[in-house]
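The values are calculated or read from the model by the stated rules, or taken from the named source; none is laboratory data. The structure displayed is predicted, hence computed values, not measured ones. Ideal geometry is used to build each Cβ from the backbone, glycine not excepted, and the neighbour counts take in all protein chains shown. Side chains included, ligands, DNA and RNA excluded: accessible areas come from the protein's heavy atoms. Shrake-Rupley method; radii C 1.70, N 1.55, O 1.52, S 1.80 Å.
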Amino acid sequence: MPLLSLLALAPFDSKAIDARVESLLKRMTLEEKIGQLVQFSDGSATGPEGAQVDQKALVAKGGMGSVLNLTGAKEVNALQRVAVEGSRLKIPLIFGLDVIHGHRTVFPVPLGLSATWDEGLIERTARVAAVEASADGVRWTFSPMVDVARDARWGRIMEGAGEDPWLGGRVAAAYVRGYQTRDLSDPTAIVACAKHYVAYGAAEAGRDYNTVDLSDRVLRDVYLPPFKAAVDAGVGTLMSAFNTVGGVPASANRYTLTDVLRGEWGFRGFVVSDWNSIGELIPHGIALDAEEAAEKGLNAGVDMDMAANAYASKLVGLVKKGRVKQGTVDEATRRVLRVKFALGLFERPYADESRAAREMLSPGHLAVAREAAERSFVLLKNEGAVLPLTPGRRVALIGPLADSADDMLGEWAVRGRKEDVTSLRSAMAERLKGGLLYAKGTEIQTESEAGFAEAVAAAQKADVAVMALGESRFMSGEAFSRTRLDLPGNQRKLLEAVVATGKPVVLVLFNGRPLALPWESAHVSAMLEAWFPGVQAGPALVHTLYGDVAPSGRLTTSFPRAVGQEPLYYNRLNTGRPARTDAIAERFTSGYLDELITPLFPFGHGLTYTRFTYSAPKILTKSIRAADLAKGKTIEVEAVVANVGASAGIETAQLYVAQRGTSVARPIRELKGYERLRIAPGESRRVRFVLRGADLAFTGLDMKRKVEPGELTVWVAPNAEAGAPAKLRILP
Ligand code: BGC
């Protein structure tokens with residue numbers, strides 16, 4: 001284990017903290033212990049309305065250990081005072097909030113942040129979020145969401161790092177480092193929460209909260225790894241999910257919550273339920289009432305009940321009846337207290353009320369927001385080098401998202417404010433000093449074409465049309481699943497009208513999920529995927545469109561040609577009758593009658609303002625045995641990447657592997673490394689990757705995770721579909 005992870009784990013493995021926990025536990029009544037397992041919202045609901053309780057009274061008698069959705073140092077301190085000065089044992093509250101992609105300084109949505117392929121930058125965004133959130137009295141964030149998502153219909157694909165478990169693990173660890181720092185007791189550190197444990201992203205048909213049923217192998221090789229990475233990085237808490245996994249609700253799933261998480265991984269923090277997910281064991285059908293729900297949730301390994309009022313109202317009785325053991329309550333209480341001690345809440349329960357005024361939206365924070373936005377943009381297409389825009393050419397900016405400050409925040413920007421956002425229109429107008437033609441054209445979702453004529457007229461007067469189209473901020477995120485992946489409303493019709501003018505069109509897309517845009521991509525000159533970029537949307541876009549910075553983002557999720565391809569992901573199995581990737585309707589192959597099986601834009605794809613070429617990869621290791629890999633020997637792979645264009649640029653070289661001849665079928669490709677290379681025009685860079693046993697291990701026929709012998713293929717490539725292969729035999 002790397003030293004950094006050991007340091008990060010220390011707070012939950014500390015003997016000193018354990019001793020303090022034990023001594024406190026001895027003094028607690030059963031009611032006070034259960035109180036530590038209870039969380040209520042301050043009133044604003046991030047789920048269906050729950051029970052209304054008298055929070056102050058509950059806190060005063062030690063009946064509530066945590067509050068969510070209360071912010072503001074003064075407000076938080078007022079309630080904390082009731083706990084610390086008014087309750088018998090003076091145990092501080094822990095205040096949690098969904099600080100998902102920034103606090104006041106809102107960054108791109110997580111799917112956009114993952115497209116930076118820049119762990120250091122993601123860590124910095126999390127650090128800024130923690131500094132601001134803690135200034136608002138929040139010491140616990142319900143982030144990162146590390147659910148692997150393979151279905152663009154699922155609205156919450158926006159909240160995670162896309163479809164890849166390996167990259168998802170790297171990103172998860174970066175968030176944890178940024179939020180928690182090396183010292184959780186630092187007043188600007190906040191404890192992270194890896195969610196939603198587990199397999200929430202595999203919801204059938206992309207419908208939120210829907211059933212999940214998958215093999216233990218897929219669970220272990222695809223859905224668990226980002227959680228394991230978060231645990232290895234020292235994450236303090238996890239949140240149990242809403243969905244079932246193989247018929248067992250994730251919030252009552254002893255196998256995942258206890259056997260795997262505690263038993264196999266040694267996790268010592270605590271698990272909070274999702275909003276009312278303990279209460280939802282009733283509609284799931286595995287509990288007849290709140291009492292049975294509380295029993296099943298706690299016994300499975302959910303330590304804290306968010307908003308359901310099941311633990312608060314039922315656990316005392318359950319212990320008395322012997323249906324929940326006293327020891328189970330003790331252990332859950334220990335886990336919660338451990339995190340509170342690690343946060344230093346017993347020493348410093350109050351937030352510094354003077355900090356918010358100077359921290360929120362500070363120039364340094366805004367600079368990180370702009371950098372993150374710039375790096376998240378993915379240039380999907382750029383025909384005839386229409387981008388970067390040439391200064392002096394007349395621009396018509398058209399579309400419902402060009403001036404919508406609010407939408408730039410994306411979903412889950414709970415403390416974001418639209419007044420803090422610079423829109424594309426205002427940044428562009430400033431750049432062009434009054435020379436900008438602007439027309440809204442249409443709304444995000446309407447049938448009215450009243451604004452079309454004005455938009456077409458603007459395009460006709462211009463040399464190039466920049467169209468800002470896409471989804472509203474509330475079309476992706478929780479409970480925002482879609483059955484269509486097109487541009488909502490009549491935006492496509494507006495685009496057709498502008499394309500018909502014959503002017504080159506640059507399409508800037510705002511969306512929290514992959515969209516299926518084959519017509520659009522065939523008819524516009526350039527497409528820039530901007531996601532929801534956050535408070536610095538406008539400046540970041542203008543810098544990029546004018547080439548002050550070149551786009552360097554890469555897709556972390558496949559963009560389909562048609563919604564019917566979903567779930568669509570690059571790391572699929574081959575099948576026994578693989579379809580050709582360049583032909584449709586080939587009889588007796590695993591394809592479609594009416595569409596290719598490949599995405600429109602693959603995982604890893606992203607262009608920039610220069611071009612790169614790749615040499616074939618070279619495997620430097622001549623021969624290797626599976627057992628040697630297990631013992632620490634490595635495989636080295638090398639390739640040369642050349643900048644053959646006219647400007648400097650960043651290229652993200654990606655290492656993919658596949659293995660055949662194994663005990664179970666393995667994906668046709670899997671990402672195992674990447675390197676962001678800054679290369680000057682005319683120059684080339686040699687890039688070297690090291691593959692370790694852990695990178696090549698998978699869950700074999702015997703359900704053990706290990707390296708197997710077989711034929712290994714590697715690619716060093718600009719995306720999941722490109723590149724030349726090199727092969728090596730892994731010997732028995
Ligand atoms: C969401 C979680 C969130 C929680 C608290 C739930 O509805 O699923 O992701 O952290 O609410 O707001």
Completion exercise
Counted residues in the stretch 717-732 being within 26 Å of Asp628 (Cβ to Cβ) and either within 25 Å of the chain's Cα centre (by Cα) or not hydrophobic (A, V, I, L, M, F, W, C) (or both) come to 4
Problem - Answer residue from the stretch 652-672, given it is small (Gly, Ala, Ser) and in a loop (DSSP other than H, G, I, E, B) and is least open to solvent (accessible area, probe 1.4 Å) among those - result: Ser663
Completion exercise
Considering residues that are of a type outside the set (Ser, Thr, Tyr) and within 20 Å of Phe474 (Cα to Cα), the number found within the stretch 137-149 is 5
Practice task
Evaluate the stretch 659-666: report whether one residue or more is touching a strand residue (DSSP E or B) at 6+ places or on another chain (Cβ under 9 Å) and under 22 Å from Phe612 (Cα atoms).
Solution key: no
Exercise for the section: Taking only the stretch 518-541 into account, find how many residues are of a type in the set (A, V, I, L, M, F, W, C) and more than 16 Å from Leu389 (Cα to Cα). Expected result: 7
Exercise for the section: Scan the stretch 374-389 and give yes if some residue there is open to solvent by less than 50 Å² (accessible area, probe 1.4 Å), more than 18 Å from Val464 (Cα to Cα), more than 16 Å from the ligand (Cβ to nearest atom) and among the aromatic types (Phe, Trp, Tyr), otherwise no. Expected result: yes
Exercise for the section: Within the stretch 457-477, identify whether any single residue is crowded, with 24+ Cβ neighbours inside 10 Å and of a type in the set (Ser, Thr, Tyr), and answer yes or no. Expected result: yes
Problem - Hits in the stretch 26-53 (condition: more than 16 Å from the ligand (Cβ to nearest atom), within 35 Å of the chain's Cα centre (by Cα) and either among the hydrophobic types (A, V, I, L, M, F, W, C) or surrounded by fewer than 20 Cβ atoms within 10 Å (Cβ to Cβ) (or both)) - result: Ile34, Leu37, Gln52, Val53
Handout entry: Residue list for the stretch 242-266, filter: in contact (Cβ under 8 Å) with a residue 60 or more places away in the chain and either more than 16 Å from Phe12 (Cβ to Cβ) or in a loop (DSSP other than H, G, I, E, B) (or both)
Key = Leu257
Exercise for the section: Looking for whichever is modelled with pLDDT of 95 or more, assigned to a loop (DSSP other than H, G, I, E, B) and among the aliphatic types (A, V, I, L, M) here; the options are Ala450, Ala468. Which one fits? Expected result: Ala450
Practice task
Determine the pairs where a residue that is over 10 Å from Leu515 (Cα atoms) and in contact (Cβ under 8 Å) with a residue 60 or more places away in the chain, located within the stretch 473-488, has a partner that is basic (Lys, Arg) and assigned to a loop (DSSP other than H, G, I, E, B) with Cβ atoms under 6 Å apart, the partner being 6 or more residues away or on another chain.
Solution key: Ser476/Arg513; Ser481/Arg153; Ser481/Arg207; Arg482/Arg153
Exercise for the section: Go through Leu167, Leu89, Leu113 for me and flag whichever is open to solvent by 10 Å² or more (accessible area, probe 1.4 Å), away from the ligand (no atom under 16 Å from the Cβ) and hydrophobic (A, V, I, L, M, F, W, C). Expected result: Leu89
Handout entry: Cβ pairs under 9 Å, 6+ apart, first in the stretch 34-56 and under 30 Å from Gly327 (Cβ atoms), second among the aromatic types (Phe, Trp, Tyr) and assigned to a strand (DSSP E or B)
Key = Leu37/Phe270; Gly50/Phe40; Ala51/Phe40; Val53/Phe40; Gln55/Phe40
Completion exercise
In the stretch 437-482, residues that are among the small types (Gly, Ala, Ser) and under 31 Å from the mean Cα position of the chain (by Cα) total 7
Problem - Hey, Thr244 surrounded by fewer than 24 Cβ atoms within 10 Å (Cβ to Cβ) and either at pLDDT below 95 or within 16 Å of the ligand (Cβ to nearest atom) (or both) or not - result: yes
Exercise for the section: Output the number of residues of the stretch 558-580 satisfying the condition of being in contact with a Leu (Cβ under 7 Å, 6 or more places away or on another chain) and either of a type in the set (Val, Ile, Thr) or in a loop (DSSP other than H, G, I, E, B) (or both). Expected result: 4
Completion exercise
Selection over the stretch 673-702 where residues are in contact with a helix residue (DSSP H, G or I) (Cβ under 6 Å, 6 or more places away or on another chain) and either in a strand (DSSP E or B) or among the aromatic types (Phe, Trp, Tyr) (or both) yields a count of 2
Practice task
Specify which of the listed residues (Glu447, Glu443, Glu411, Glu419) is within 16 Å of the ligand (Cβ to nearest atom), touching a residue at least 12 places away in the same chain (Cβ under 8 Å), charged (D, E, K, R) and under 25 Å from Gly512 (Cα atoms).
Solution key: Glu411
Handout entry: Unmet criterion (only one of (1) more than 16 Å from the ligand (Cβ to nearest atom); (2) at pLDDT 95 or above; (3) surrounded by 23 or more Cβ atoms within 10 Å (Cβ to Cβ)) for Asp18
Key = (3)
Exercise for the section: Search the stretch 354-379 for residues that are on the phi > 0 side of the Ramachandran plot and pair each with any residue that is crowded, with 20+ Cβ neighbours inside 10 Å when their beta-carbon atoms are under 8 Å apart and the residues are at least 6 apart or on different chains. Expected result: Leu361/Arg104; Leu361/Thr105; Leu361/Asp420; Leu361/Val535
Practice task
Name every residue in the stretch 488-536 that is open to solvent by 10 Å² or more (accessible area, probe 1.4 Å) and in a helix (DSSP H, G or I), in order of residue number.
Solution key: Arg492, Lys493, Glu496, Ala497, Val499, Pro518, Trp519, Ser521, Ala522, His523
Practice task
Go through the residues of the stretch 629-651 one by one and say whether even a single one is touching a residue at least 60 places away in the same chain (Cβ under 8 Å), open to solvent by less than 60 Å² (accessible area, probe 1.4 Å) and polar (S, T, N, Q).
Solution key: yes
Handout entry: Candidate set: the stretch 222-241, residues that are within 16 Å of the ligand (Cβ to nearest atom) and assigned to a loop (DSSP other than H, G, I, E, B); chosen: the one farthest from Asp164 (Cα to Cα)
Key = Gly236
Exercise for the section: Sort out which residues of the stretch 170-202 are among the hydroxyl-bearing types (Ser, Thr, Tyr), open to solvent by 10 Å² or more (accessible area, probe 1.4 Å) and within 16 Å of the ligand (Cβ to nearest atom), and write them in order of number. Expected result: Tyr175
Handout entry: Residue match in the stretch 171-179 (condition: hydroxyl-bearing (Ser, Thr, Tyr), in contact (Cβ under 8 Å) with a residue 12 or more places away in the chain, in contact with a strand residue (DSSP E or B) (Cβ under 7 Å, 6 or more places away or on another chain) and farther than 30 Å from Gln565 by Cβ)
Key = yes
Practice task
Report whether or not Gly137 is under 30 Å from Lys61 (Cβ atoms), small (Gly, Ala, Ser) and within 16 Å of the ligand (Cβ to nearest atom).
Solution key: no
Exercise for the section: Search the stretch 205-221 for residues being of a type in the set (Asp, Glu) and in a helix (DSSP H, G or I), and hand back the single one that is least open to solvent (accessible area, probe 1.4 Å). Expected result: Asp221
Practice task
Mind listing whichever residues of the stretch 54-68 are open to solvent by 10 Å² or more (accessible area, probe 1.4 Å) and in a loop (DSSP other than H, G, I, E, B)?
Solution key: Asp54, Lys61, Gly62, Gly63
